[in-house]
There are 2 protein chains.
Amino acid sequence: MVMPAKARTDRSTVTRERILDAAERLFAEHGVYAVSNRTVAEEAGQGNTAVVGYHFGTKTDLVRAIAARHAEQVEQRRTEMVDAVEGSADVRDWINALVRPGAEYLAESGEPTWHARFSAQVMTDPALREIMSDDALTSPALRRIVDGLNACLPTLPLEVRLERADMGRHLMVQMLAERERALAEGSPTPRATWSDAATGLVDALVGLWLAPTTAPVTAPTKETT
Amino acid sequence: MVMPAKARTDRSTVTRERILDAAERLFAEHGVYAVSNRTVAEEAGQGNTAVVGYHFGTKTDLVRAIAARHAEQVEQRRTEMVDAVEGSADVRDWINALVRPGAEYLAESGEPTWHARFSAQVMTDPALREIMSDDALTSPALRRIVDGLNACLPTLPLEVRLERADMGRHLMVQMLAERERALAEGSPTPRATWSDAATGLVDALVGLWLAPTTAPVTAPTKETT
């Protein structure tokens, strides 16, 4: 019997989602490169171990697909928060818009989650990190946050702003992953909820952005004439 | 002809060092799990590809050996800096003692370096991260820095101190790795030298540690009676 096209598509969508879920979970717990496509297929309940390659191509493509699922969700919340603080001259408003969407998304995903640990690994891996950088560069809401922070701090030298934007990105991703790992392991966490963890991050990042700067000892490198 | 014991030992030491150098470089550039023992052996100029396992056992043991080489060097500088600021009530003194030893070690290693990128990956990998945590927990100088910061900030709630100590650790490792990667790729860096990069980190971390705290909305979880 030939399946109707609609049923085939539905089944294919379900299989894809199962693979993405299984891969994210395994990658978070064991590391992206420690896990084979075969293991992902088995964990996703697929008899045919070639199914991962069939649906997603290379491991990099699979990682990109997992990252994209979350990026959309977080971007939507971020856009709403940025709309709400548009024009604000308060650093804290912009830092809230940076930190809270990701933390809220984790809170609403219900326990356990895996994508914070997944994201932290992808961001640090030499071969995969561009996936996260691409997302960061193409997110209109993130660009608006950077612009908003710059407008609050017009006297901060450009190189310090670039540096602190990078610090904020790393701190957010790594600290959310730390908390997710502690929850998964049943270890104590400094904060009771994702929302409180976000408050801790916002407090710290406001301090980081407002910190006075010491002039560098070395002048920036220039072309010798 | 039988080699004298001394010559055998020397040759074995040279081989071990070559393997550690090759492994660190390959891990930094391609990722710890993307690189096989065979590739490490070839890069180290060893005809026998079993040599890595023979000298270092598992990949985890190899990673631990690479981490230990740097840990000793950095710990020595850290101890000197901590001795110099003992008793200080200035947060900046302690943050300097936290940040500068690693940055100075990178500066003195000469370009190119690989261990900042290596460390960032190990710290994020689910299977390897304990190697870095063990080091952090057993470093007497790091413990003295945490104690020194706590003494400067007696009113900061304990959970915030734990949180900010974690933030400092992540920020330092990830930002040094970012700079090392930019240097390796010939991309622009916000700062001209490792010392200036350290100044940027110290400024930011002083702000982070001194930032006012917002009381959490949720009370810490307690056992219900």
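The values are calculated or read from the model by the stated rules, or taken from the named source; none is laboratory data. Note that the structure is predicted; figures quoted are calculated from it, not measured. Virtual Cβ from ideal backbone geometry, glycine too; neighbours counted across all protein chains shown.
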Do we have A:E80 as part of a helix (DSSP H, G or I), acidic (D, E) and within 14 Å of chain B (Cβ to nearest Cβ) here? no
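Residue by residue, here is whether (1) β-branched (V, I, T); (2) closer than 27 Å to B:A28 by Cβ holds:
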site	(1), (2)
A:A44	no, no
A:V63	yes, yes
A:R100	no, no
A:A107	no, no
A:T124	yes, yes
A:E130	no, yes
Flagged in region A:91-120 as buried (at least 17 other Cβ atoms within 10 Å of the Cβ) and among the polar types (S, T, N, Q), in numbering order, are A:N96, A:T113, A:S119
Is at least one residue of region B:61-68 within 13 Å of chain A (Cβ to nearest Cβ), in a helix (DSSP H, G or I) and not aromatic (F, W, Y)? yes
Based on this model, can you work out whether B:G102 counts as of a type outside the set (F, W, Y) and on the phi < 0 side of the Ramachandran plot? yes
Does A:S133 satisfy being part of a helix (DSSP H, G or I) and exposed (fewer than 14 other Cβ atoms within 10 Å of the Cβ)? yes
Restricting to region A:201-211, give me the number of residues that are more than 7 Å from chain B (Cβ to nearest Cβ) and either modelled with pLDDT under 95 or in contact with an Asp or Glu (Cβ under 8 Å, 6 or more places away or on another chain) (or both). 0
Of all residues making up region B:100-123, the number that are polar (S, T, N, Q) and touching a His at 6+ places or on another chain (Cβ under 9 Å): 2
Taking into account only those residues within region B:177-200 that are more than 9 Å from chain A (Cβ to nearest Cβ) and assigned to a helix (DSSP H, G or I), which is farthest from the chain's Cα centre (by Cα)? B:E185
Residues in region B:158-171: is at least one assigned to a helix (DSSP H, G or I), charged (D, E, K, R), within 14 Å of another protein chain (Cβ to nearest Cβ) and closer than 19 Å to B:A120 by Cβ? yes
Out of (1) within 14 Å of chain A (Cβ to nearest Cβ); (2) of a type outside the set (V, I, T); (3) closer than 25 Å to B:T199 by Cβ, the odd one out for B:D125 is which? (3)
Residues of region B:97-121 classified as under 13 Å from B:R69 (Cβ atoms) and assigned to a helix (DSSP H, G or I), total: 5
Report whether or not B:S88 is in the same structural domain as B:P212 (by TED's automatic domain parsing), surrounded by fewer than 18 Cβ atoms within 10 Å (Cβ to Cβ) and not in a helix (DSSP H, G or I). yes
